[in-house]
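Undergrad: This is the structure I have questions about; it appears just below.
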Amino acid sequence: MTSKKHDIIIGLDSLRPVRATQFLPGLVVHKSADCPPGKDYLNITHAVTGLAVAFHLQPGDMLAAKEILSRASWTITPDILLESEEHRSLSELVMNSTNRSRSLKQEKRIAKDTGGKRQPASGARWGARRDVVLPRFKVEAKTTKHTTFSVDVKDLAFLKQQAYLENRVGVYIVEMDGKEELCVIPKAEADDELLVEATIKKVRCAGEKSFTLSVAMSVEAVHGAVFELETATGMYYCFSYERFLRLAKRGMNGA
């Protein structure tokens, strides 16, 4: 099917034209506007309003999303869409039925733990993208059912750039095995309070494009270890979620 330009909503009030293809009558699909380099996240957007119906989906999620969203007509006017509980429920069902379900739970928990807010999605006012925004930090949340996780340094660079635009520090939080979490920030953006009562462990990462975090590292981090990661593209600190919460709460209190 031939694609054509559609205007979608970016953030709270700005529009951006993107090339999209028809997904269902009234809906189009396109690459997420805030997709990190090398990733294939897709958004499903209401063609008339530019509102995202579902976002950051994988290509393999499209069949399930189409089955769910086809239960209602999307060739409707903006005022009907914005007031429709049926359409909102279908949007949420898509997000909860895809592999984004664990991520959504993680984001909600981080926002609750820190008092932060989940940032409106690129192309959406109904949902929220993966970020949680705090006074000092911009959080990118990742989750895996495995005991290790490969961190793409391009993702870190992308998060750092986006955080700088908001005068915040980017924090990359990885949940492993459903319970263990590690946080990563650029070493240059860390301040002294991060290292309070910490045991520094230096780790040289051989890969140029990625490095691996593990549950074993998170166990050490819970007991006070802060890993200084040396990569081919820069230096990073890796530390426990509990340590991050202390930093986040100090920031909320203005300390």
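The values are calculated or read from the model by the stated rules, or taken from the named source; none is laboratory data. All figures in this text were calculated on a predicted structure; none of them were measured in a lab. Here the Cβ positions follow ideal geometry from the backbone for every residue, glycine too, while neighbour counts run over all protein chains shown.
Undergrad: At pLDDT 90 or above and among the basic types (Lys, Arg): does that describe LYS187?
TA: In short, yes.
Undergrad: Continuing with the same structure: Quickly run through region 68-87 and pick out the residues that are of a type in the set (Val, Ile, Thr), within 14 Å of LEU27 (Cβ to Cβ) and over 26 Å from the mean Cα position of the chain (by Cα).
TA: Of everything in region 68-87, those that are of a type in the set (Val, Ile, Thr), within 14 Å of LEU27 (Cβ to Cβ) and over 26 Å from the mean Cα position of the chain (by Cα) turn out to be THR75, ILE76.
Undergrad: Of the residues ALA206, ALA141, ALA216, only one is touching a helix residue (DSSP H, G or I) at 6+ places or on another chain (Cβ under 6 Å) and among the small types (Gly, Ala, Ser); which?
TA: Within the list ALA206, ALA141, ALA216, the selection yields ALA141.
Undergrad: Could you say whether any residue in region 152-171 is in contact with a helix residue (DSSP H, G or I) (Cβ under 8 Å, 6 or more places away or on another chain), closer than 20 Å to ILE110 by Cα and touching a residue at least 60 places away in the same chain (Cβ under 8 Å)?
TA: Yes, region 152-171 has at least one match.
Undergrad: What number of residues within region 85-104 are of a type in the set (S, T, N, Q), surrounded by 15 or more Cβ atoms within 10 Å (Cβ to Cβ) and modelled with pLDDT of 85 or more?
TA: Number satisfying all stated conditions: 1.
Undergrad: With respect to the numbered conditions (1) crowded, with 20+ Cβ neighbours inside 10 Å; (2) touching a Pro at 6+ places or on another chain (Cβ under 9 Å); (3) part of a helix (DSSP H, G or I), which one is the sole condition not fulfilled by ALA163?
TA: Only one criterion in (1) crowded, with 20+ Cβ neighbours inside 10 Å; (2) touching a Pro at 6+ places or on another chain (Cβ under 9 Å); (3) part of a helix (DSSP H, G or I) is unmet by ALA163, namely (2).
Undergrad: Out of curiosity, is GLU242 of a type in the set (Asp, Glu), surrounded by fewer than 19 Cβ atoms within 10 Å (Cβ to Cβ) and on the phi > 0 side of the Ramachandran plot?
TA: Taking the combined requirement at face value, the residue does not satisfy it.
Undergrad: Anything in region 9-31 that is touching a Leu at 6+ places or on another chain (Cβ under 7 Å) and at pLDDT below 80? List them, or say none.
TA: ILE9
Undergrad: Kindly indicate the residue of region 55-83 that is touching an Asp or Glu at 6+ places or on another chain (Cβ under 8 Å) and surrounded by 13 or more Cβ atoms within 10 Å (Cβ to Cβ) and also nearest to ASP40 (Cα to Cα) among those meeting that condition.
TA: That would be GLN58.
Undergrad: Filter region 35-67 down to residues that are small (Gly, Ala, Ser) and on the phi > 0 side of the Ramachandran plot and give me whichever is nearest to the chain's Cα centre (by Cα).
TA: GLY38
Undergrad: Oh, and also: Are any residues in region 197-212 more than 12 Å from LEU229 (Cβ to Cβ), more than 20 Å from the chain's Cα centre (by Cα) and surrounded by 11 or more Cβ atoms within 10 Å (Cβ to Cβ), and if so, which ones?
TA: Listed by number, the residues that qualify are ALA198, THR199.
Residue by residue, here is whether (1) touching a Phe, Trp or Tyr at 6+ places or on another chain (Cβ under 8 Å); (2) outside any loop (DSSP other than H, G, I, E, B); (3) buried (at least 17 other Cβ atoms within 10 Å of the Cβ) holds:
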{"position": "SER150", "(1), (2), (3)": "yes, yes, no"}
{"position": "LEU159", "(1), (2), (3)": "yes, yes, yes"}
{"position": "ASN167", "(1), (2), (3)": "no, no, no"}
{"position": "LEU182", "(1), (2), (3)": "yes, yes, yes"}
{"position": "GLU193", "(1), (2), (3)": "no, yes, no"}
{"position": "MET217", "(1), (2), (3)": "yes, yes, yes"}
{"position": "VAL226", "(1), (2), (3)": "yes, yes, yes"}
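Undergrad: Determine whether ASP192 is among the charged types (D, E, K, R) and over 22 Å from GLU107 (Cβ atoms). Walk me through it before giving the result.
TA: Details: among the charged types (D, E, K, R): yes; over 22 Å from GLU107 (Cβ atoms): yes.
Answer is yes for this residue.
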